[in-house]
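What follows is calculated from the coordinates using simple rules that are stated; it is not laboratory data. In this text the structure is predicted, and so the values were computed from the model without any measurement. Please note: Cβ atoms are built from the backbone with ideal geometry, for glycine as well, and neighbour counts cover all protein chains shown.
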Amino acid sequence: MSLSERFRLLLTVKGTSHQIALAFGVGVFIGMSPFLGLHTIMALVVAYVFRLNKLVTLAGAYVTNPWTIIPIYTFGTWMGIKITGTDKVLSSIDFHKVNIINIFRALKELLWPFFAGTLVLGTVSGILSYFLLYMVLKRIRKV
């Protein structure tokens, strides 16, 4: 599904502007959350529990996809480094003895910044997505 098709879908879904924008904003938050591999399940469960439109919530969650995952998570981790004040990033990698164990040990330093940064990025992106889509829907639908 192309980006324009997804956007057109958001404009034609039944529901109030608030309901659709809320479902999309929640989906964006979930899509940028640090829980890789669980976005679809999380989006469906949250949509079911809070009675949000499942399709719109999934559309928001799929903002993170194979094309966007690296920039989103890189930026989120960078934000997390700034937020947490982590000063030694990847300091313990001995590039002469790189193996899977050394890589996981080094990446452990980024775990807290990754979680903190992606949660903040997801929160801000979800809120912005809600307001932007809400304004667009209000203007187009005049409802």
*Report relative contact order for the stretch 3-141 in percent, whole number only (criteria: Cα-Cα under 8 Å, sequence separation at least 6).*
34 percent
*Just grab the label-to-label distance for Phe131 and Thr40, each label 7 Å out from Cα along the Cβ direction, in nm (one decimal).*
3.3 nm
*Given N residues in the chain, what is Rg(Cα) / (2.2 N^0.38 Å)?*
1.24
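So, in the chain, how many Lys pairs have Cα atoms under 17 Å apart, if the pair is 8 or more places apart or on different chains?
Numbers: Lys14/Lys54; Lys14/Lys138; Lys14/Lys142; Lys82/Lys108; Lys88/Lys108.
The number of close lysine pairs in the chain is 5.
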*Fewest Cβ neighbours within 10 Å first, please rank His39, His18 accordingly.*
His18, His39
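Please identify the trypsin sites (Lys or Arg not before Pro) of the stretch 31-93 that satisfy two criteria: DSSP loop assignment and at most 14 other Cβ atoms within 10 Å. Which are they?
Answer in residue order: Arg51, Lys88.
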*Have a look at Thr57, Thr118, Ser17 and report the one farthest towards the positive end of the charge dipole of the stretch 3-141, computed about the Cα centre with Cβ charges (Lys/Arg +1, Asp/Glu -1).*
Ser17
*Pairwise label distance in nanometres, Ile100 with Thr12, each label 7 Å out on the Cα-Cβ vector*: 4.6 nm
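How would you rank Met135, Met42, Met32, going from fewest to most other Cβ atoms within 10 Å of each one's own Cβ? Mind showing how you got there, number by number?
Working: Met135 12, Met42 19, Met32 29.
Least crowded to most crowded, the residues run Met135, Met42, Met32.
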